[in-house]
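Contents: one structure, followed by commentary.
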Amino acid sequence: MMFTLTSSAFAAGKPIPARHSCDDRDTSPPLAWRDPPEEVQSFALIADDPDAPIGTWVHWVLYNLPPATRTLPEGVQPHAQLPDGSVHGHNSWRRLGYGGPCPPSGTHRYFFKLYALDTTLDIGSGVNKKQLLKAMEGHILAKVELMGTYSRR
């Protein structure tokens, strides 16, 4: 068994549907994972675009997902804290929650990276990707990723 991350909205390496982009509803895609390490205490998720012209653009930061979690539904609300205790960080738009693909030109790659952690992070809402990565140092048990692409209409 391997720790894996998938989406029912798009296959690995394939286009992300417009409904998950700035061209449409801009809702987060559904995600599912299986077979994380047994000792996982929480999960963290970072979605970003390394092809952005000004450097990597962060689309989603979410952490402290409970260890029993195996899915995220489509359209996760952008609240600072979700009912299950998960916490949103800031994306590159300096907003909480998901911001979908919105490349200025061409086709970009979007990486959804899920981290299995050996702890629940003691940080408040609103941290950015860099702050989250720093807080996770020494606590990452495993990491999986799912890459999708997007081109503007």
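The values are calculated or read from the model by the stated rules, or taken from the named source; none is laboratory data. Just so we're clear, the structure is a prediction, and the values are computed from it rather than from any experiment. Heads up, the Cβs are rebuilt from the backbone with ideal geometry, glycines too, and the neighbour counts pull from every protein chain shown.
Sort through D49, D84 and tell me the only one that's over 17 Å from L132 (Cβ atoms) and modelled with pLDDT of 95 or more.
D84
For A44, indicate whether it is crowded, with 16+ Cβ neighbours inside 10 Å, out of contact with any Ser or Thr (no Cβ under 7 Å at 6 or more places or on another chain) and aliphatic (A, V, I, L, M).
Spelling it out, A44 is indeed crowded, with 16+ Cβ neighbours inside 10 Å, out of contact with any Ser or Thr (no Cβ under 7 Å at 6 or more places or on another chain) and aliphatic (A, V, I, L, M).
Hey, does segment 108-128 have a residue that's within 21 Å of T71 (Cα to Cα), of a type in the set (D, E, K, R), touching a residue at least 60 places away in the same chain (Cβ under 8 Å) and in contact with a Lys or Arg (Cβ under 8 Å, 6 or more places away or on another chain)?
Yes, the conditions are met somewhere in segment 108-128.
Could you list, in sequence order, all residues of segment 18-32 that are out of contact with any helix residue (DSSP H, G or I) (no Cβ under 8 Å at 6 or more places or on another chain), of a type outside the set (D, E, K, R) and closer than 12 Å to E74 by Cα?
Across segment 18-32, the qualifying residues are H20, P30, L31, A32.
Residues of segment 1-45 being closer than 26 Å to G85 by Cα and not in a loop (DSSP other than H, G, I, E, B), which ones?
Scanning segment 1-45 gives T4, L5, T6, H20, L31, A32, W33, R34, S42, F43, A44, L45.
Can you tell me which residue in segment 89-126 is farthest from G148 (Cα to Cα), limited to those that are among the charged types (D, E, K, R) and in a loop (DSSP other than H, G, I, E, B)?
Checked segment 89-126; the qualifying residue farthest from G148 (Cα to Cα) is D122.
Please specify each residue of segment 18-40 satisfying the condition of being surrounded by fewer than 16 Cβ atoms within 10 Å (Cβ to Cβ) and not acidic (D, E).
Scanning segment 18-40 gives R19, C22, R25, A32, R34, P37.
Is at least one residue of segment 60-75 touching a Lys or Arg at 6+ places or on another chain (Cβ under 8 Å), without any contact (Cβ under 8 Å) to a residue 12 or more places away in the chain and either under 18 Å from R152 (Cα atoms) or surrounded by fewer than 16 Cβ atoms within 10 Å (Cβ to Cβ) (or both)?
The answer is no, given that none of the residues of segment 60-75 is touching a Lys or Arg at 6+ places or on another chain (Cβ under 8 Å), without any contact (Cβ under 8 Å) to a residue 12 or more places away in the chain and either under 18 Å from R152 (Cα atoms) or surrounded by fewer than 16 Cβ atoms within 10 Å (Cβ to Cβ) (or both).
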